[in-house]
1. State yes or no: is residue 151 surrounded by 10 or more Cβ atoms within 10 Å (Cβ to Cβ), over 21 Å from the mean Cα position of the chain (by Cα), under 18 Å from residue 245 (Cα atoms) and modelled with pLDDT under 95?
2. Among the residues of region 217-226, what is the count of those that are assigned to a helix (DSSP H, G or I) and crowded, with 22+ Cβ neighbours inside 10 Å?
3. Could you look through region 120-148, keep only residues that are under 20 Å from the mean Cα position of the chain (by Cα) and free of Cβ contacts under 8 Å to residues at least 60 places away in the same chain, and pick out the one that is surrounded by the most Cβ atoms within 10 Å (Cβ to Cβ)?
4. Give just the number: which of (1) surrounded by fewer than 18 Cβ atoms within 10 Å (Cβ to Cβ); (2) assigned to a loop (DSSP other than H, G, I, E, B) does residue 61 not satisfy?
5. Quick test for you: out of 250, 263, pick the one residue that is within 17 Å of residue 99 (Cα to Cα), outside any loop (DSSP other than H, G, I, E, B) and within 17 Å of the chain's Cα centre (by Cα).
6. When you go through 229, 214 one by one, which is the residue that is outside any helix (DSSP H, G or I) and either closer than 17 Å to residue 130 by Cβ or touching a residue at least 60 places away in the same chain (Cβ under 8 Å) (or both)?
7. Considering only residues that are part of a loop (DSSP other than H, G, I, E, B) and buried (at least 19 other Cβ atoms within 10 Å of the Cβ), which ones fall in region 193-208?
8. Has region 27-38 got any residue that is farther than 27 Å from residue 176 by Cα, modelled with pLDDT under 95, surrounded by fewer than 18 Cβ atoms within 10 Å (Cβ to Cβ) and touching a helix residue (DSSP H, G or I) at 6+ places or on another chain (Cβ under 8 Å)?
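The values are calculated or read from the model by the stated rules, or taken from the named source; none is laboratory data. This structure is a prediction, so every number in the text was calculated from the model and none was measured. Here the Cβ positions follow ideal geometry from the backbone for every residue, glycine too, while neighbour counts run over all protein chains shown.
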């Protein structure tokens with residue numbers, strides 16, 4: 001079991017059993033995982049926790065807790081995590097807002113949250129965001145994650161795939177099962193329409209907080225036009241490329257990603 005998973009506690013959030021890791025002190029940060037089974041981002045939580053108090057939920061279905069039948073989309077998770085933001089603020093000592101840092105599928109959820117309400121959100125960092133379709137009907141903005149072997153996904157997802165190759169025959173059983181659960185859960189949330197909400201792009205103008213969009217310079221999973229669309233539609237958003245990184249720069253280049261995030265944090269007003 002990884003350190004991050006060992007640190008999990010289960011909380012009841014309006015009847016939902018939510019598994020959460022909490023680390024660090026200072027400004028409240030909600031970290032929404034990429035949800036990609038072939039690239040765990042647990043270690044990034046430790047780096048992020050040096051810059052604030054990080055709350056990192058496991059998306060329902062990705063951990064041991066049962067998944068409610070009514071949670072079937074990124075939109076559903078957005079409402080759940082807006083409730084979590086309210087809980088974080090209620091438990092904070094005088095602070096009234098949260099910065100959301102989110103990768104890939106987590107960034108999809110974060111955007112869905114922010115178009116609904118930015119009342120408790122101080123800023124957004126969207127890393128390799130999914131959720132919008134920039135091209136036409138026949139353009140493939142996203143690689144089909146479920147149609148490739150894990151070896152092929154490593155080649156597509158990382159600038160340097162060597163450290164991320166996975167042999168299920170040699171891995172501990174609990175690691176294999178965790179990856180299988182994550183794959184199944186992600187499919188539940190993004191299968192159709194694949195990896196996006198057709199309505200989201202037209203609602204991004206509702207996001208009224210400072211936003212940083214990060215994308216790996218060698219991202220082969222998500223078309224660059226998708227990140228550009230987020231940056232264009234969200235007023236004042238900045239798009240920054242992370243060199244020597246594929247789809248998940250916070251996994252592959254955590255130091256460079258943290259540097260960009262820390263610079264963004266420094267530009268935000270003090271926590272209310």
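1. Details: surrounded by 10 or more Cβ atoms within 10 Å (Cβ to Cβ): yes; over 21 Å from the mean Cα position of the chain (by Cα): yes; under 18 Å from residue 245 (Cα atoms): yes; modelled with pLDDT under 95: yes.
Here the answer is yes, as residue 151 does meet what is asked.
2. Going through region 217-226, the residues assigned to a helix (DSSP H, G or I) turn out to be 224-226.
Checking which are crowded, with 22+ Cβ neighbours inside 10 Å leaves us with 226.
Total meeting the criteria: 1.
3. The extreme case among them is 120.
4. Here residue 61 clears every test but (1).
5. Working: 263 fails: within 17 Å of the chain's Cα centre (by Cα).
Result: 250 is the single residue among 250, 263 that is within 17 Å of residue 99 (Cα to Cα), outside any loop (DSSP other than H, G, I, E, B) and within 17 Å of the chain's Cα centre (by Cα).
6. Values: 229 fails: outside any helix (DSSP H, G or I).
When all the criteria are applied, what remains is 214.
7. Step one: of region 193-208, the residues part of a loop (DSSP other than H, G, I, E, B) are 193-195, 197-200, 207-208.
Selection gives 195, 197, 200, 207.
8. Of region 27-38, the ones farther than 27 Å from residue 176 by Cα are 27-29.
Subset that is modelled with pLDDT under 95: 27.
Imposing the further condition that a residue be surrounded by fewer than 18 Cβ atoms within 10 Å (Cβ to Cβ) reduces the set to none.
Scanning region 27-38, I find no residue that is farther than 27 Å from residue 176 by Cα, modelled with pLDDT under 95, surrounded by fewer than 18 Cβ atoms within 10 Å (Cβ to Cβ) and touching a helix residue (DSSP H, G or I) at 6+ places or on another chain (Cβ under 8 Å), so the answer is no.
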